[in-house]
1. Find the eigenvalues of the gyration tensor of the Cα atoms of the chain, then list the square roots of 5 times those eigenvalues as equivalent ellipsoid semi-axes, largest first, in whole angstrom.
2. Starting from the Cα gyration tensor of segment 265-375, take the square roots of the eigenvalues, sort them a ≥ b ≥ c, and report rounded, prolate or oblate (rounded when a/c is under 1.5, otherwise prolate if a/b is larger than b/c, else oblate).
3. Within 10 Å, Cβ to Cβ, of Thr622, how many net charges do the neighbouring residues add up to if Lys/Arg are +1 and Asp/Glu are -1?
4. Give me Rg/Rg_expected for segment 411-475, where Rg uses Cα atoms only and Rg_expected = 2.2 N^0.38 Å with N residues.
5. Applying 1/(1 + (r/R0)^6) with R0 = 56 Å to the Cβ-Cβ distance of Asn443 and Thr698, what FRET efficiency is obtained, to the nearest 0.05?
6. Towards the positive end of the charge dipole of the chain, with charges on Cβ (+1 Lys, Arg; -1 Asp, Glu), say which of Thr85, Gln204, Pro437 has the farthest Cα.
7. Can you compute 3J(HN,Hα) from phi for each residue in segment 43-57, using the Karplus curve 6.51 cos²θ - 1.76 cosθ + 1.60 with θ = phi - 60°, rounded to whole Hz and x for Gly and Pro?
8. Run through the DSSP bridge list for the chain and note the antiparallel percent, rounded to the nearest 5.
Amino acid sequence: MHPRRSTALICALIAGLILPALVAAPALAADPLLSQGRPATASSTENAGTPASAAVDGNAGTRWSSAFSDPQWLQVDLGATADVTSVVLQWEAAYARAFRIQVSDNASTWTDIYSTTTGPGGTQTLNVSGRGRYVRMYGTTRATQYGYSLWEFQIYGTTGSTPPGGGDLGPNVHVFDPSMSSASIQSTLDSVFGQMESNQFGLQRHAFLFKPGSYNVNANIGFYTSIAGLGRNPDDVTINGQVRVDAGWFGGNATQNFWRSAENLSITPPGGTNQWAVSQAAPFRRIHVRGNLNLAPTGYGWASGGYIADSKIDGTVQPYSQQQWFTRDSTIGGWLNGVWNMVFSGVAGAPAQSFPDPPYTTLDTSPVTREKPYLYVDGSGNYQVFVPALRQNSRGANWPGTGTSIPLTQFYVAKPSDTAATINAALASGLHLLFTPGIYHVNQTINVNRAGTVVLGLGYATIIPDNGVVPMRVADVDGVKVAGLLFDAGGVNSPILMEVGPAGSTASHAANPISIQDVFFRIGGAHAGKATTSLVVNSDNTIIDHIWAWRGDHGTGIGWTVNTADTGLIVNGDDVTAYGLFVEHYQKYQVIWNGQRGRTIFFQNEMPYDPPNQAAWMNGSTRGYASYKVADSVTSHEAWGLGAYCYFDVDPSIVAERGFETPVNSGVRFHDLLTVSLGGNGTIAHVVNNTGGPAQGTDTIPVKIVTYP
């Protein structure tokens, strides 16, 4: 808005400009909101800070503003032909005295569905009737000497027929029941493993689902493969055999055993020990192991995991060569050893706090948790999704537990052939969303706008944005659960891969937080990808429960100027809690935490391998970027069990000034943190700020700080 305003207009601002940004939006129409996040264009903009897109971003603190002339227009592409039933305009002080609402099938021939010459400004809710893919506000007379300015332009209606809920789970979900022969089941398991054992960047995706009963099979789990029981509780499904991951495909090195999972079943391993030798993005959830659990590959080669939650291990967990591991809200019979950083939160049977030697960080309870939603079969043979309840100060496995069952008929069961427009129509109709295994290309943002929506992926369903779109946005609403997805950046840079709440979100969700669980991000590896920031969390009280954000260091499309990505995670919301943050190889800060009262329990990071030289990796006059940055404005933050590693293999002379960067005040506290130079490839000069000596040298010995400040 132009700075030269009269006193009267400034007074109007107070009533008409500021208040819409502070008060709640008007009650929504009965039909779904179609316009939020859709492509918007305009006849003009006042300046770069008032683009057309700001009127459809769901944020009442941003706006579109036009040039100071008549006529002017703002139009929205709904992506598909819609029956438009309502339009809401939230005007800034510069509003339209005369304007029309128009629809079109082609953005060239327009039909009026509303017109007025006495527009009152403020918030106008218009009941209309029209049909078209494009909707525009066409202003003919301004109410002030300034332009036309809208905080929000909201279009409600329906897009054809409502997509159906339920349906089959597609060809990449393999469902087994006890009536099937063991030989038949074993044949399928072996066939898929033969395809996926070393298929690190392939396009195939699989899920093995076992109905309640007992099975005498051995399941080797390869890339992009999930195994899960379909019982209400883990002991409803018993595997009398191994659910196993080893590293024979990579010469006994498990550091690339990524992207696979086990969930919601019990294992009775022959010989008394089950092997799960994994690294990142390989969760082990809701599992009952009737014996020991070995986390190392055969031969005890390198391993860089890992994550366990909501599980019972009757025997001893045996990490052996695992560099680090995070275990949450489980019950274990014992824990054998630690290498660098073993963190326990709410784990019955965990070793006592003893960092730095042994390197155990132990919290008696987890402050606020909600277990991941999961698919099961009810007593009538129907699919349901169970959504566990929120817990405070939780400890131990949560099964049987309380929660809510949602029939699969209330989910849109997406297939890789579905478009983003179809998926958005299903969400807008009130359905939850289940992604079956496969690769999903999206040419527009998937908008999760309804409170309580469950978005659940099976078998590492992978979403690739086309043309630089943001592939998923979650509105600032209560209780959305997003779980089990892999976002893989496309060839055109996306500013964000997933956004939780629009910028400026302020609503409290303490009673019903948004949760992000087993959600993974990748830039490069399968193809050349680009994304500025992988995950941005703007909503308060969000729970982040296990992510791996990875800028690729190997595979296809790898290079300092090829798979570009600044930051893995930015937290702007207050009271956000993160468990199991794995964030690696980004080119600037790996994590930036701007919100107040944030908490992180376990963080694992490797700095980027590939800066070509020190000059290419400078933060102003500072050598490199810290892995974990708490903003200078933050007065309250706490973190436990954090590790930052360097491996500058292109130029081993590179120095990172520090692993962690934080304001120094009594409300910001760090516990049990370390830095490591892997094989002496580079140096991290300090652990946190200017405290702690250099991590350097070929012996790969961590530098550890117990508390800071």
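1. 45, 31, 22
2. rounded
3. 0
4. Taking N as the residue count of segment 411-475, the ratio is 1.00.
5. Efficiency at R0 = 56 Å is approximately 0.70.
6. Result: Thr85.
7. 5, 6, 10, 5, 7, 5, x, 10, x, 4, 4, 5, 7, 10, 9
8. 30 percent
The values are calculated or read from the model by the stated rules, or taken from the named source; none is laboratory data. Computed from a predicted model, the values in this text were never measured in an experiment. Virtual Cβ from ideal backbone geometry, glycine too; neighbours counted across all protein chains shown. We work out accessible area using only protein heavy atoms, side chains counted, and drop any ligands, DNA or RNA first. Shrake-Rupley method; radii C 1.70, N 1.55, O 1.52, S 1.80 Å.
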